Amino acid sequence: MKTDFSTRLLFIRILFILAGAAILLQIVHLQTSASASDLRKLGELYSYKRELVYPERGYIYDRYGRLLAGNEQVYEVGVNLSEMRGQNNAQSIASVVSTVLDMDYNEVYGNLTNPKNPEAVYVVLKNYVSLEKGNRLKSIQNEYEKYIAEMGSAKSQSAPPNLRGLELAPHLQRSYPENNLASNILGFYTRNNEAVMGIESKYNDLLEGSPVEVVVSIDPNQIEEIPTIPSGASLILTIDREIQAEMENIIDRAVKSSGSISGTLLVYDPETGEFLAMASNPRMNPNEYWDYLDMKHFNRSVDYPFEPGSVFKVLTMAAALDNGTVQPDTPFVDTGVIEVGGLKIYNWDRSAWGPQTMLGCMQHSLNVCLSWVALQVGADNFYSYLKAFGIGRRTNVDLAGESLWPLAVPGDGNWYESSLATNSFGQGLSTTPVQLVTAVGAIANDGVMMAPHVLLGFVENGKQYNTKPQVVGTPIKKETAQILTGMLTISLEEEASDALVEGYRVAGKTGTAEIAIPGKGYVTNMTNASFIGWGPSDDPKFVVYIWLEEPKTAPWGSVVAAPVFSQVVEKLVVLMDIPPDDVRLGLRAQ
Amino acid sequence: MAQGFIQAYRQAPWRIQIQRIGSILLLMVVAALVAGVYLSISAQSSAIGVEIQVLENNRENMQREIANLKNQIGVLTSAVEMEKRAKEMGFEKVTTYDMEYMLVPGYPGRQTAMLAPFSGTEAANRQVSNPGFTTSLWDWLARGVNYLSEQTDEVLP
């Protein structure tokens, strides 16, 4: 009996020892076999998950800290199919979701019962659902649960209605609280995480921050804190929202009343190179960017070079005065025509204006006179001045999509002797509004040209970094700038221009450029009407440029654009706290 | 003699068995204690791990909520909304003819947004408490001695 027991005990011992040895052998085998590393990786797959954490996209503010672009919470509405099948509630989900989210019931039901991928365990019904609608769905879901709890266990009934399996995953999407205000400056950020045009594109690296890949342990014993990912930098623009809004109202009205194809209005600080407003019509609502994808020009201020016309005479006269070729009172007898390089140049009204001074030439915008002035300056000097004013090269303004029209100069294949004359009054060459404003800004700023920009500063990692105004050149002398400003102030006053503003002396010049049509040449009744002006004349605080494309009511800049300048200045002096000249000079004397 | 001595003091077999059983039980108790402590710590660690996950989720939710609230403030204070509200309250847009200007000495004009301390400035680290609260007794004595010696130097011929 005892022997039997001992034998059995021995047998059990051997069995355990063998089993232990087998386990040990298998452990050693697993650790050292050829597929050990693969097995280890397979194990890690179930231990950790790698997540790419995107920081929140930085905000965009106007110069006084008012939000222009932020982020709002939205939901991705989806269904956990296995849970839904367990509850047999596809009809309930389809019914509620289609009602709340304005979707077709059959389509939703079809997606749930016959998903495109038969092996799918989760289907997305709709993404970017607003917070309001998402919360409504949550509320209905909770009401169902409450009802089920009151009625007893859900499983006790055959199929009580419920929304189990319906999941709402919150996330952020780009939002523009001002809708279409300054949209041509901001650009937009798509749902595919693409920054398109404007500030969004230009400063995308700053705004998006640095995505960080983190390893998250699934084992709760090994969970570590996910590192704080700093959000993208927030940008502060030079744009003043109030000025921008007023300018957009003004240009919208001007485009409508003149029947123009488009309108552009810039307000620029000549002392710093900051744009206070950059209004554009038409413009988009970046919250619904998909409705505007066929827009030809997103921001005409930077992406549409065109022949500026007579406003360009300001630069021609600046070159001539600075060069010493002419003085404000230099006489010129206008015969109504001048021939340059075989091309006859006429005045805008094709008439002869007789004896004039340079002041009169600018006041009456005489093409013949300005052609003569350019000839006196000489081609080499003239184009040197234009280059100094930045014509023919990009301004490098910090907005995406800046276009360039190369300046043809003597020696180029597309430059002719007559080009000197036509260029003198802004035909035969092209500039963008930003180029022109930057160049004329030098005249308003005592000859010093500033780098145009729209970024005032940015906030990154809890610190604010402000940009500093940069001088990009001094194309003309201070005296020249002041003389020319004086000339253009008097010319407006003597002409009794519609651009004048009571109580404020301003300088400015109208522009009416004929538009060249391929195959037809210049067409007289199709023009670009414009006005560039600055003020107050004795201490300019703003440069304003208005461009109306192909106005229908009248082709002339003096008729359609000059009155807009007056409206703009009336608003600007209030918004920029600029007192009337007599008050300002009186206060300065105190 | 020696044999008799050993016999006299040999443990009774039942005592040896009890000792062995006691030792095994002691080992088992120790093992159970170690296992218990391990399980307890492991459970606490897991609970804290889950809590960290919950807190991280909360943090993400709050960040989204903050972003959303900022956006809502942006919508409520947008140019169009503010103008609408101002009109409803009876305000009118001012024109240059309605304005009266006065000189305010020292007023620098409207300043641009400062959303964070400027880079390069030490505003964030600036000491706001009275230095007296952080000065050590030794520093106070040294400063006093320095002050006295400076006073003495000044009166010396």
message: If R₀ is 60 angstrom, what is the calculated FRET efficiency for the pair B:W14 and A:D38, using the beta carbon separation as r and rounding to 0.05?
response: 0.55
task: Scan around A:Q356 for amide H atoms under 5 Å from its own, H built in the peptide plane at 1.01 Å from N, and keep only partners 5 or more places away or cross-chain.
output: A:F332, A:V333, A:D334
- request: Over the whole of B:60-72, what's the average partner chain Cβ count within 10 Å per residue? Rounded to a whole number, please.
  value: 6
- request: Can you tell me how much longer the chain between A:T113 and A:N396 gets when fully stretched, taken as 0.36 nm per residue apart minus their C-alpha distance, in nm with one decimal?
  value: 96.3 nm
- prompt: According to the Kirkwood expression over distinct Cα-Cα pairs, how big is the hydrodynamic radius of chain A, in Å?
  reply: 29.0
task: Count, for each residue of A:269-277, the Cβ atoms from other chains sitting within 10 Å of its Cβ, then give me the mean as a whole number.
output: 0
Length added when fully stretched, A:S6-A:R350, from 0.36 nm per residue minus Cα-Cα: 110.7 nm
- line: Restricting to Cα pairs under 8 Å and 6 or more apart, the percent relative contact order of region A:53-237 works out to 37
message: Rounded, prolate or oblate for region A:103-184? Axes are the square roots of the Cα gyration tensor eigenvalues, ordered a ≥ b ≥ c, and the cut-off for rounded is a/c under 1.5.
response: oblate
message: Let me check I have the definition right: for region A:53-237, take the eigenvalues of the Cα gyration tensor, multiply each by 5, take square roots. What are those semi-axes in whole Å, largest first?
response: 38, 21, 16
- line: For region A:1-152, the Cα convex hull volume per residue in Å³ comes to 329
- prompt: So which aspartates and glutamates pass the test for A:K478, namely a Cα distance under 12 Å, with those fewer than 8 places away in the same chain ruled out?
  reply: A:D322, A:D446
field: For the protein assembly as shown, calculated [θ]222 nm from helices alone, where every DSSP H run of n ≥ 4 adds -39500 (n - 2.57)
entry: -14000 deg cm²/dmol
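A short reminder: the numbers here are calculations on the coordinates, not readings from a lab. Given the structure is predicted, the values throughout are model-derived calculations rather than measurements. All Cβ positions, even for glycine, are placed from backbone atoms using ideal geometry, and neighbour counts span all protein chains on display.
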